[in-house]
Amino acid sequence: MTNIEDRDIENKEPAIQADGLGRDYGEVRALEGLDLHVPRGSLVGLLGPNGAGKTTAMLLLATLLRPSRGVARVFGHDCASEPTAVRRRLGLAFHEASIDGLLTVEENLYFAARLAGLGGATANQAVRDALARTGLEGRAKQPARQLSAGWRRLADIARATLHSPDLLILDEPTVGLDPEHREQTWQLLETERRTRHTSILFSTHYLAEAESCDHVVLLANGRVVSTGTPAALKASVGAEMVEVEGAGASRFVSALSDRVTVRTQIQTTRGFRVGVEGSRDELAGLASVGSGVDRFSIRPVTLDDVYFARALTPVSPVPGTST
Amino acid sequence: MDALHTIHGIVARDLRRAGRQKSRLVGGLARPFMWLILVGTGYNSITTVEGSVSYYAFVYPGLVVMAALFGAMLTAISTVYDREFGMLRLMLSSPSGVYAVLTGRAVSATLVGALQGAVVLLTLPIFLPVTLAQMLAALGVLMVGAAVSGTMGLLVAAPLRSVENFAGVINVVLFPLFFLSGALYPTAGMPLWARVASQLNPVTYAVDMMRGALGQPVEFCVWRSLGALGMALVVTFVGSALLFDPERRFVLKGRGGKP
């Protein structure tokens with residue numbers, strides 16, 4: 001139980017506040033120094049390539065690892081010195097679903113309820129609600145090993161949310177799922193946010209999923225390389241993305257920079273993606289600039305572009321976003 | 001209260017899993033009976049052990065402990081499966097903490113081991129005369145022996161990162177513990193190193209107490225055996241907790257791996 005003073009602290013504190021949070025595995029710096037602010041009720045995406053430090057950051061926030069440096073607080077509680085208080089507020093889902101194939105779906109949920117400290121009628125109600133919320137009632141008595149990957153992940157989300165946590169930390173919650181189950185998973189999580197004001201920190205490689213985030217943090221090589229709202233991050237790359245392919249692509253890009261403001265330039269296997277400023281009509285006229293261009297297209301900037309521009313290539317700071 | 005719910009949850013899960021892994025249960029029971037019928041019959045016809053009526057009488061207490069030892073240790077060591085498939089991380093993120101998680105695991109390992117040992121014990125009257133009081137005393141010893149086996153299993157599982165090491169653990173840990181326990185042959189005639197190893201082996205005391213419970217001569221007084229088993233229980237449990245707790249492991253090793 002939290003006393004009045006604790007609750008007072010918790011009411012003022014953000015869901016997550018991390019300052020310079022870092023972790024080493026021996027000589028390897030898995031996470032350099034993460035500064036992260038997750039306001040209550042917000043949806044924050046942690047993006048980055050494999051080995052960027054996303055999982056390490058999540059394990060630190062889940063109190064499953066002790067930081068090598070820096071500090072992290074969850075609802076005002078220090079992750080290193082108050083792990084029990086932190087864990088009471090958390091719901092976790094890891095990269096692989098934590099579902100025991102030898103147990104039925106219902107038995108898995110009861111197991112999770114007990115781990116969360118629920119017993120008796122409270123546990124019964126929590127399990128019933130979780131089954132209803134996720135549409136798993138018809139599969140409650142089914143051994144979990146018989147579930148498809150999609151249903152297994154939904155059972156995992158039911159497990160992670162059944163004790164009504166205030167903060168969900170989800171490590172690639174939709175990895176390996178078909179679009180239908182991905183959609184179902186996100187609907188479930190959105191319902192959690194709407195009805196319970198649950199804060200969510202998640203990582204994903206499906207960058208389109210991060211479009212609806214309140215805030216995105218881009219990690220690379222254990223460092224934060226960019227952070228902001230999806231709109232601000234995309235604007236930092238350019239208003240539009242020009243894609244050019246062909247033998248003359250390089251010449252075209254050089255010529256392009258004389259005519260419009262180039263924000264970003266990403267080399268691909270067949271040409272370039274160039275983030276530029278300017279209206280679409282103005283940019284459409286650029287198609288005639290160079291010869292030897294096999295393909296020329298203009299499209300809106302996506303988070304994938306931000307990922308390639310910021311996480312995979314060294315960049316200098318761009319005004320309007322913090323890096 | 002949180003801790004009790006956590007322990008309840010882990011024990012219920014482990015018992016369900018054990019009940020659904022029928023081949024493992026059957027295999028666990030087949031081991032002592034195979035020894036009794038195939039090896040015991042041969043030895044019984046050629047030897048008697050001083051103070052015992054027959055090799056059967058001598059070896060039976062050891063086989064009861066063997067069933068409990070293997071049942072409890074393998075249940076506890078299966079924690080390594082949980083680590084590999086992410087369930088351990090889920091358990092360790094429980095607000096109750098590592099001690100509640102390991103207590104749950106130790107209780108379930110004890111129950112599984114004691115149940116397997118009890119099945120072997122219940123067949124004892126077929127082979128040898130035994131009183132109800134002796135059976136009840138033997139059940140008590142069985143619980144203690146299974147509990148120590150369970151916590152030893154946790155200690156063995158703590159540093160393991162992969163199920164691939166599982167068979168090796170059985171060969172390198174379980175068989176030496178059993179062979180050096182005096183379960184199959186008296187330790188008195190062994191070389192000095194084996195006698196010393198035997199006296200450091202907690203299973204030796206469980207076997208000796210089982211012999212005493214079943215009315216056979218014993219090597220150690222009951223208090224010494226109880227003390228040794230109690231000490232082994234505490235040391236292995238605390239050792240496991242230190243190794244399983246990701247935060248403490250970090251402190252101990254100066255660095256840590258992902259849990």
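The values are calculated or read from the model by the stated rules, or taken from the named source; none is laboratory data. For clarity, every value in this text was computed on a predicted model and none was experimentally measured. Here the Cβ is made from the backbone with ideal geometry for all residues, glycine too, and neighbour counts use every protein chain on show. In case anyone asks, the SASA skips ligands and DNA or RNA and just uses the protein heavy atoms, side chains included. Shrake-Rupley method; radii C 1.70, N 1.55, O 1.52, S 1.80 Å.
Give the residue, chosen from B:41, B:6, that is in a helix (DSSP H, G or I), hydroxyl-bearing (Ser, Thr, Tyr) and within 10 Å of chain A (Cβ to nearest Cβ).
B:6
Give region B:30-47 a look and list any residue that's more than 24 Å from residue B:71 (Cα to Cα) and touching a residue at least 12 places away in the same chain (Cβ under 8 Å), or say none.
B:43, B:44
Condition check ((1) touching a helix residue (DSSP H, G or I) at 6+ places or on another chain (Cβ under 9 Å); (2) in contact (Cβ under 8 Å) with a residue 60 or more places away in the chain; (3) closer than 13 Å to residue A:307 by Cα) across all residues:
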{"position": "A:224", "(1), (2), (3)": "no, yes, yes"}
{"position": "A:245", "(1), (2), (3)": "no, no, no"}
{"position": "A:250", "(1), (2), (3)": "no, no, no"}
{"position": "A:260", "(1), (2), (3)": "yes, no, no"}
{"position": "A:272", "(1), (2), (3)": "yes, no, no"}
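Looking at region A:161-217, which of its residues are of a type in the set (S, T, N, Q) and either touching a residue at least 12 places away in the same chain (Cβ under 8 Å) or crowded, with 21+ Cβ neighbours inside 10 Å (or both)?
Keep residues of region A:161-217 that are of a type in the set (S, T, N, Q), which gives A:161, A:164, A:174, A:184-185, A:187, A:191, A:195, A:198-199, A:203-204, A:212.
Selection gives A:161, A:164, A:174, A:184, A:185, A:191, A:198, A:199, A:203, A:204, A:212.
Could you grab me the full set of residues in region A:117-169 that are of a type in the set (D, E, K, R) and closer than 30 Å to residue A:74 by Cβ? Give the steps one after another, and end with the answer.
Applying the first criterion (of a type in the set (D, E, K, R)) to region A:117-169 yields A:128-129, A:133, A:137, A:139, A:141, A:145, A:152-153, A:156, A:159, A:166.
Correct list: A:128, A:129, A:133, A:152, A:153, A:156, A:159, A:166.
Across region A:188-230, what is the number of residues that are aliphatic (A, V, I, L, M), over 12 Å from residue A:41 (Cα atoms) and not in a strand (DSSP E or B)?
The number of residues fulfilling the criteria is 4.
Name the residues in region A:77-104 that are within 7 Å of chain B (Cβ to nearest Cβ), more than 24 Å from the chain's Cα centre (by Cα) and not acidic (Asp, Glu), would you?
If the condition is that a residue be within 7 Å of chain B (Cβ to nearest Cβ), more than 24 Å from the chain's Cα centre (by Cα) and not acidic (Asp, Glu), then A:84, A:102, A:103 are the ones that fit.
Looking for whichever is closer than 28 Å to residue A:206 by Cβ and open to solvent by 40 Å² or more (accessible area, probe 1.4 Å) here; the options are A:220, A:231. Which one fits? Even if it seems obvious, please write down each step before you answer.
Working: A:220 fails: open to solvent by 40 Å² or more (accessible area, probe 1.4 Å).
It is A:231.
Would you be able to say whether some residue in region B:20-27 is open to solvent by less than 70 Å² (accessible area, probe 1.4 Å), away from chain A (no Cβ under 14 Å) and not in a helix (DSSP H, G or I)? Give the derivation first.
Going residue by residue through region B:20-27, those that are open to solvent by less than 70 Å² (accessible area, probe 1.4 Å) are B:21, B:25, B:27.
Within this subset, residues satisfying the condition of being away from chain A (no Cβ under 14 Å) are B:27.
Keeping just the survivors that are not in a helix (DSSP H, G or I) gives none.
No, the conditions are met nowhere in region B:20-27.
Among the residues of region A:51-104, what is the count of those that are hydroxyl-bearing (Ser, Thr, Tyr), open to solvent by 10 Å² or more (accessible area, probe 1.4 Å), at pLDDT below 95 and within 27 Å of residue B:8 (Cβ to Cβ)? Spell out the reasoning first.
First, pick out the residues of region A:51-104 that are hydroxyl-bearing (Ser, Thr, Tyr): A:55-56, A:63, A:68, A:81, A:84, A:98, A:104.
Now narrow it down to the ones that are open to solvent by 10 Å² or more (accessible area, probe 1.4 Å): A:55, A:68, A:81, A:84, A:104.
Still in the list and also at pLDDT below 95: A:55, A:68, A:81, A:84.
When the remaining residues are screened for being within 27 Å of residue B:8 (Cβ to Cβ), the result is A:84.
Matching residues across region A:51-104 total 1.
With of a type outside the set (Ser, Thr, Tyr), within 14 Å of chain A (Cβ to nearest Cβ) and under 22 Å from the mean Cα position of the chain (by Cα) as the only criterion, which of B:119, B:98 stands out?
Working: B:119 fails: within 14 Å of chain A (Cβ to nearest Cβ).
Going through B:119, B:98 in turn, just one is of a type outside the set (Ser, Thr, Tyr), within 14 Å of chain A (Cβ to nearest Cβ) and under 22 Å from the mean Cα position of the chain (by Cα): B:98.
Consider only pairs whose beta carbons are under 8 Å apart and that are at least six residues apart or on different chains; among these, list those whose first residue lies in region B:52-71 and is free of Cβ contacts under 8 Å to residues at least 24 places away in the same chain and whose second residue is open to solvent by less than 10 Å² (accessible area, probe 1.4 Å).
Correct list of pairs: B:55/B:40.
Please tell me if residue A:153 is more than 9 Å from chain B (Cβ to nearest Cβ), out of contact with any Ser or Thr (no Cβ under 7 Å at 6 or more places or on another chain) and basic (Lys, Arg). Give the derivation first.
On the way: more than 9 Å from chain B (Cβ to nearest Cβ): yes; out of contact with any Ser or Thr (no Cβ under 7 Å at 6 or more places or on another chain): no; basic (Lys, Arg): yes.
So residue A:153 does not fit the description; no.
Hey, could you check region A:49-76 for residues that are touching a Gly at 6+ places or on another chain (Cβ under 8 Å) and at positive phi and say which is farthest from the other protein chains (Cβ to nearest Cβ)?
Restricting to residues being touching a Gly at 6+ places or on another chain (Cβ under 8 Å) and at positive phi, the top hit is A:70.
Of everything in region B:216-243, what is surrounded by 16 or more Cβ atoms within 10 Å (Cβ to Cβ), touching a residue at least 24 places away in the same chain (Cβ under 8 Å) and small (Gly, Ala, Ser)? Give them in sequence order.
Hits for region B:216-243 are B:228, B:232, B:240, B:241.
Residues in region B:85-96: is at least one among the aliphatic types (A, V, I, L, M), assigned to a helix (DSSP H, G or I) and free of Cβ contacts under 8 Å to residues at least 40 places away in the same chain?
First, pick out the residues of region B:85-96 that are among the aliphatic types (A, V, I, L, M): B:87-88, B:90-92.
Then drop every residue that is not assigned to a helix (DSSP H, G or I), which leaves B:87-88, B:90-92.
When the remaining residues are screened for being free of Cβ contacts under 8 Å to residues at least 40 places away in the same chain, the result is B:87, B:90.
Yes, the conditions are met somewhere in region B:85-96.
This table checks each residue for (1) more than 14 Å from every other protein chain (Cβ to nearest Cβ); (2) under 17 Å from residue B:212 (Cα atoms); (3) open to solvent by 10 Å² or more (accessible area, probe 1.4 Å).
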| site | (1), (2), (3) |
| --- | --- |
| B:87 | no, no, no |
| B:94 | no, no, no |
| B:102 | no, no, no |
| B:113 | yes, no, no |
| B:130 | yes, yes, yes |
| B:137 | yes, yes, yes |
| B:147 | yes, no, yes |
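If residue B:16 satisfies every condition in (1) open to solvent by less than 50 Å² (accessible area, probe 1.4 Å); (2) within 14 Å of chain A (Cβ to nearest Cβ) but one, which is the exception?
(1)
Output the residue which, of all residues in region A:105-128 that are open to solvent by less than 20 Å² (accessible area, probe 1.4 Å) and over 28 Å from the mean Cα position of the chain (by Cα), is farthest from the other protein chains (Cβ to nearest Cβ).
In the first step, residues of region A:105-128 are kept if they are open to solvent by less than 20 Å² (accessible area, probe 1.4 Å); the result is A:105, A:108-109, A:111-113, A:115, A:117, A:119, A:123, A:126-127.
The next check asks that each one be over 28 Å from the mean Cα position of the chain (by Cα); those that pass are A:119, A:123.
Details: A:119: 5, A:123: 8 Å.
In this case the residue turns out to be A:123.
Going through region A:23-48 one residue at a time, which ones are more than 18 Å from the chain's Cα centre (by Cα), part of a strand (DSSP E or B) and within 14 Å of chain B (Cβ to nearest Cβ)?
Step one: list which residues in region A:23-48 are more than 18 Å from the chain's Cα centre (by Cα), which gives A:23-29, A:32.
From what's left, part of a strand (DSSP E or B): A:23-25, A:28-29, A:32.
Selection gives A:23, A:24, A:25, A:28, A:29.
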